[in-house]
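Visitor: Okay, handing you the structure first.
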Amino acid sequence: MFKKRVLQGTLVFLFCSPVISSQQPKTSLPYTPSLDPSSMDTSVQPCVDFYQYSCGGWQKNNPIPSDQVNWSVYGKLYQDNLNLLRTILEQAAKATERDTVTRQIGDFYAACMDEQAVDARGLTAIRPTLDAIGSLTGIRNLASLLARLQIDTGSRQMMFGVGSTQDPDDSEQQIAELDQGGLGLPDRDYYTNTDAKSQEVRDHYVQHVQKLFELLGDSPATARSNADAVMTLETDLAKASLTRVDRRDPYKTKHKMKLAELKSLAPAFDWDRYFRELGTPKFAIVNVAAPEFFKALNARLTSPNLANWRTYLRFHLTNVSAPYLSAVFVQEDFDFYRAYLRGAKEMQPRWKRCVQYIDRDLGEALGQAYVRDVFGPDLKQDTVKMVQGIEAAMEQRITSLDWMSEETKRQALVKLHGIRNKIGYPEKWRDYGPVDIGTSDFLGNVRHATAFESRRDLHKIGRPVDHNEWGMTPPTVNAYFDPQMNDINFPAGVLQPPLYDAKLDDAPNYGDTGGTIGHELTHGFDDQGRQYDAKGNLKDWWDAEDARRFKDRAQCVADEYAQFVVVDDVHINSKLTLGEDVADLGGEILAYIAWKDATKGKDLKPVDGLTPDQRFFVGFAQWACENERPEDMRVRAMTDPHSPAKYRINGVVVNMPEFARAFSCTSNQPMVKAPDKICKVW
Ligand SMILES: [Zn+2]
């Protein structure tokens, strides 16, 4: 349920991993029930701390593996998926008779696992590109070099982001988009915050930059001054960047303009040459998501700065390539990004990293074998039925809202009926046929697959939208709502036990997966999603008075979550998490209604001493069982639009009188709010 809204660009969550016993390759997924009494801690009262009551046993039994930055039910399932994918890849690498898909994933895996060959190649893998950066003369020549770097790395660290996106005013059309980027730290706020911890992170980052320059052969003194130059440029870019909270407002990132307007916004950059080198189809309109960023960038694109830009690009090319280079680079990348920033104690074994790279780079090739193994027609049918039940609950809920006018309700129902459901995997698999994959050049494989994806994305500019595309690969343990597609997406990976559990009855399944489906559906109507209409266009369909009442209700949720502490003195930034918090609450309410409908007239019995209603809620809570490292909590407090697991459970049940009834809570207990304080949006 690390649901996210997917727009242009890819953001892959790389969590997960092993306990010793699960290190062995697997041919099927191990089974854990979606409601597990041994994961509970019944020494805690459910009405005092429901998360602890439901997950305390799990937390005790599941310490964070040393190579992980956090450990959760979702993370464990992803680990199981990686084990299964490992078996698929090892077989693909060895097989003699292979179709194209099997050959591509097998060769990619073999090349990645050949650590000796990777070490022997050393820096030669990126040497020609480093040389090209080193010989850059004249600021206008930057355009073609940058285009090539962006295509090959697919990274927004290369000055800024580029790609195609759905036109916010005509969601059936793809247009070009430019966006802020260019930073090596996970968020722009790291560069601007004045607290001691942020200063410490900046100091460590500069040391990391210096270390990479030293690995490239610079003397310590030169490496240090180069690192300072990189930091100065990045700080300028960060200051001109929108915050994550700003970026949740779709009007703040909508600035469609003609190419001529872009040229006058940032005249120092040769845009004609840039787009020619990118190979984009001809286009009339580009959305510049962050105009102030490009103005600031333009101000730095002056001849005296050219040497600093060469230094900057030299670092970022190395930084984004480090995981695929020789051992010293891999180690430095781990030391800063995973060990220092997020608290991991040990690097993930190579096979595990390789599986994740292939899931990222050739995901719809690898995913084919995965769904053959774990996602049969029965599972698809069952989960589709559940989605329909949740949608019916949403319809019921909208119709009966006491704060919304009839006209806005009518529009809301049009939007609800316009939502497309995508379950399991794409109807048509992406063809990676033209991607050059071999067994001898790991970094080459990564670059070729990345360039293929960059070009595929850019070639969509000016074309109609393909509604069959997915923004997540089938083994992903996650789901998303896309406001412009107006679709909800559930990869096969998130519909496995202990999340969706075909062996168990409806109560825990509706509490868990039903809630996830409701969560994604509610995103269509959260503070951000509600601004898009049934077609996915950014168009206000709300009566003004209804919109005001919605905002008041959402504010109740924002005020509640703002009180929760993430780590030390860091509170939840509830302006960042509002959409997710609203979706968590709405989703569970919908799941409860749909569960009651699905089991109407059935004589449900207690199991393991828990009533059916109690099992619904424990099933809900147990999706979120998690152990966290404080370092990772800090990063997530700044970057993750989701609240910490504990509050995604306790923050919801306090607003559901059904919960208090299920556990006979009394009005003075922590999990019970006074009736007039309960937040109710959808
Ligand atoms: Zn979400």
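The values are calculated or read from the model by the stated rules, or taken from the named source; none is laboratory data. Bear in mind the structure is a predicted one, so any value in this text is a computation, not a measurement. Here Cβ is always computed from backbone atoms with ideal geometry, including for glycine, and neighbour counts include all displayed protein chains. Just so you know, the surface numbers come from the protein's heavy atoms only, side chains and all, with ligands and any DNA or RNA stripped out. Shrake-Rupley method; radii C 1.70, N 1.55, O 1.52, S 1.80 Å.
Visitor: Would you check if there is a residue in segment 539-557 being within 28 Å of Val73 (Cβ to Cβ), surrounded by 22 or more Cβ atoms within 10 Å (Cβ to Cβ), at pLDDT 95 or above and in contact with a Ser or Thr (Cβ under 8 Å, 6 or more places away or on another chain)?
Guide: yes
Visitor: Sticking with this one: If the requirement is being at pLDDT below 95 and exposed (fewer than 15 other Cβ atoms within 10 Å of the Cβ), which of these qualifies: Ser28, Ser17, Ser34? Steps first, please.
Guide: Working: Ser17 fails: exposed (fewer than 15 other Cβ atoms within 10 Å of the Cβ); Ser34 fails: exposed (fewer than 15 other Cβ atoms within 10 Å of the Cβ).
When all the criteria are applied, what remains is Ser28.
Visitor: Something else: Could you please give the count of residues in segment 434-471 that are of a type outside the set (A, V, I, L, M, F, W, C), under 24 Å from Gln174 (Cα atoms) and in a loop (DSSP other than H, G, I, E, B)?
Guide: So the answer is 10.
Visitor: Also, quick follow-up: Within segment 122-138, track down each residue that is part of a helix (DSSP H, G or I) and either touching a helix residue (DSSP H, G or I) at 6+ places or on another chain (Cβ under 7 Å) or modelled with pLDDT under 95 (or both).
Guide: The first filter runs over segment 122-138 and keeps only residues part of a helix (DSSP H, G or I), leaving 122-125, 127-134.
Correct list: Gly122, Leu123, Thr124, Ala125, Thr129, Leu130, Ala132, Ile133, Gly134.
Visitor: Take the residues in segment 479-492 that are in contact with a helix residue (DSSP H, G or I) (Cβ under 6 Å, 6 or more places away or on another chain) and not in a strand (DSSP E or B); name whichever of them is nearest to the ligand (Cβ to nearest atom).
Guide: So the first thing to find is which residues in segment 479-492 are in contact with a helix residue (DSSP H, G or I) (Cβ under 6 Å, 6 or more places away or on another chain), and the list is 479, 481, 483, 486, 488, 492.
Pick out the ones that are also not in a strand (DSSP E or B) and you get 479, 483, 486, 492.
Values: Ala479: 8, Pro483: 11, Asn486: 15, Ala492: 19 Å.
Selected residue: Ala479.
Visitor: List the number of the failed condition for Thr639; all other conditions in (1) modelled with pLDDT of 95 or more; (2) buried (at least 19 other Cβ atoms within 10 Å of the Cβ) hold.
Guide: Evaluating Thr639 over (1) modelled with pLDDT of 95 or more; (2) buried (at least 19 other Cβ atoms within 10 Å of the Cβ) leaves (2) as the failure.
Visitor: Does segment 576-591 contain at least one residue that is of a type outside the set (S, T, N, Q) and more than 16 Å from the ligand (Cβ to nearest atom)? I'd like the intermediate steps shown before the answer.
Guide: If we filter segment 576-591 for residues that are of a type outside the set (S, T, N, Q), which is where we start, we get 576, 578-591.
Right, trim to more than 16 Å from the ligand (Cβ to nearest atom) and you get none.
For segment 576-591, residues of a type outside the set (S, T, N, Q) and more than 16 Å from the ligand (Cβ to nearest atom): absent.
Visitor: Let me ask something else. Give the residues of segment 121-138 that are open to solvent by 80 Å² or more (accessible area, probe 1.4 Å) and either in contact with a strand residue (DSSP E or B) (Cβ under 9 Å, 6 or more places away or on another chain) or in contact (Cβ under 8 Å) with a residue 12 or more places away in the chain (or both), sorted by residue number.
Guide: Arg121, Thr137
Visitor: Take the conditions closer than 30 Å to Asp552 by Cα, part of a helix (DSSP H, G or I) and in contact with a strand residue (DSSP E or B) (Cβ under 7 Å, 6 or more places away or on another chain) and apply them to Val387. Does it pass?
Guide: Working: closer than 30 Å to Asp552 by Cα: yes; part of a helix (DSSP H, G or I): yes; in contact with a strand residue (DSSP E or B) (Cβ under 7 Å, 6 or more places away or on another chain): yes.
Yes, satisfied.
Visitor: In segment 511-530, is there at least one residue being out of contact with any Asp or Glu (no Cβ under 6 Å at 6 or more places or on another chain), away from the ligand (no atom under 16 Å from the Cβ) and either at pLDDT below 95 or among the hydrophobic types (A, V, I, L, M, F, W, C) (or both)?
Guide: no
Visitor: Any idea which of (1) open to solvent by less than 20 Å² (accessible area, probe 1.4 Å); (2) within 16 Å of the ligand (Cβ to nearest atom); (3) within 27 Å of Asn421 (Cα to Cα) is the one Ile572 doesn't satisfy?
Guide: (3)
Visitor: Could you grab me the full set of residues in segment 346-362 that are of a type in the set (Lys, Arg) and open to solvent by less than 10 Å² (accessible area, probe 1.4 Å)?
Guide: Step one: filter segment 346-362 for residues of a type in the set (Lys, Arg), giving 350, 352-353, 360.
Across segment 346-362, the qualifying residue is only Lys352.
Visitor: When segment 220-235 is examined, which residues are found to be of a type outside the set (Ser, Thr, Tyr) and surrounded by fewer than 16 Cβ atoms within 10 Å (Cβ to Cβ)?
Guide: The initial filter retains those residues of segment 220-235 that are of a type outside the set (Ser, Thr, Tyr), namely 220-221, 223-224, 226-231, 233-234.
Scanning segment 220-235 gives Pro220, Ala221, Asp228.
Visitor: Checking the condition of a type in the set (D, E, K, R) and under 19 Å from Gln157 (Cα atoms), which residue from Arg276, Arg360 passes? Before you say what the answer is, go through the steps one by one.
Guide: Values: Arg276 fails: under 19 Å from Gln157 (Cα atoms).
That would be Arg360, the only listed residue that is of a type in the set (D, E, K, R) and under 19 Å from Gln157 (Cα atoms).
Yes or no, residue by residue, for (1) at pLDDT 95 or above; (2) open to solvent by 20 Å² or more (accessible area, probe 1.4 Å); (3) over 30 Å from Leu604 (Cα atoms); (4) among the basic types (Lys, Arg):
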| residue | (1), (2), (3), (4) |
| --- | --- |
| Lys415 | yes, no, yes, yes |
| Asn421 | yes, yes, no, no |
| Gly424 | yes, no, no, no |
| Pro434 | no, yes, yes, no |
| Lys460 | yes, yes, yes, yes |
| His467 | yes, yes, yes, no |
| Thr476 | yes, yes, yes, no |
| Asn489 | yes, no, yes, no |
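Visitor: Are any residues in segment 369-409 of a type in the set (Gly, Ala, Ser) and in contact (Cβ under 8 Å) with a residue 60 or more places away in the chain, and if so, which ones?
Guide: Step one: of segment 369-409, the residues of a type in the set (Gly, Ala, Ser) are 369, 376, 389, 392-393, 400, 405.
Residues satisfying the conditions are Ala369, Gly389, Ala392, Ala393, Ser405.
Visitor: Ok, one more. Restricting attention to segment 236-253, which residues are among the charged types (D, E, K, R) and open to solvent by 60 Å² or more (accessible area, probe 1.4 Å)? Step through it out loud before you land on a result.
Guide: Restricting attention to segment 236-253, the residues satisfying the condition of being among the charged types (D, E, K, R) are 236, 239, 244, 246-249, 252.
If the condition is that a residue be among the charged types (D, E, K, R) and open to solvent by 60 Å² or more (accessible area, probe 1.4 Å), then Lys239, Arg244, Arg247, Lys252 are the ones that fit.
Visitor: Given the condition closer than 30 Å to Ile517 by Cβ, touching a helix residue (DSSP H, G or I) at 6+ places or on another chain (Cβ under 8 Å) and open to solvent by less than 30 Å² (accessible area, probe 1.4 Å), answer yes or no: does some residue in segment 334-345 qualify?
Guide: So far as segment 334-345 goes, no, none of its residues is closer than 30 Å to Ile517 by Cβ, touching a helix residue (DSSP H, G or I) at 6+ places or on another chain (Cβ under 8 Å) and open to solvent by less than 30 Å² (accessible area, probe 1.4 Å).
Visitor: Moving on. Consider Asp506 against the criteria (1) closer than 23 Å to Gly363 by Cα; (2) modelled with pLDDT of 95 or more; (3) open to solvent by 40 Å² or more (accessible area, probe 1.4 Å): it satisfies all of them except one. Which criterion is unmet?
Guide: Only one criterion in (1) closer than 23 Å to Gly363 by Cα; (2) modelled with pLDDT of 95 or more; (3) open to solvent by 40 Å² or more (accessible area, probe 1.4 Å) is unmet by Asp506, namely (1).
Visitor: Quick check on this structure: which one of Gln91, Gln59 is farther than 30 Å from Gly343 by Cβ and either assigned to a helix (DSSP H, G or I) or among the polar types (S, T, N, Q) (or both)?
Guide: Gln91
Visitor: With closer than 30 Å to Tyr337 by Cβ and open to solvent by less than 30 Å² (accessible area, probe 1.4 Å) as the only criterion, which of Ala621, Ala660, Ala583 stands out? I'd like the intermediate steps shown before the answer.
Guide: Values: Ala621 fails: closer than 30 Å to Tyr337 by Cβ; Ala660 fails: closer than 30 Å to Tyr337 by Cβ.
Every option except Ala583 fails the conditions.
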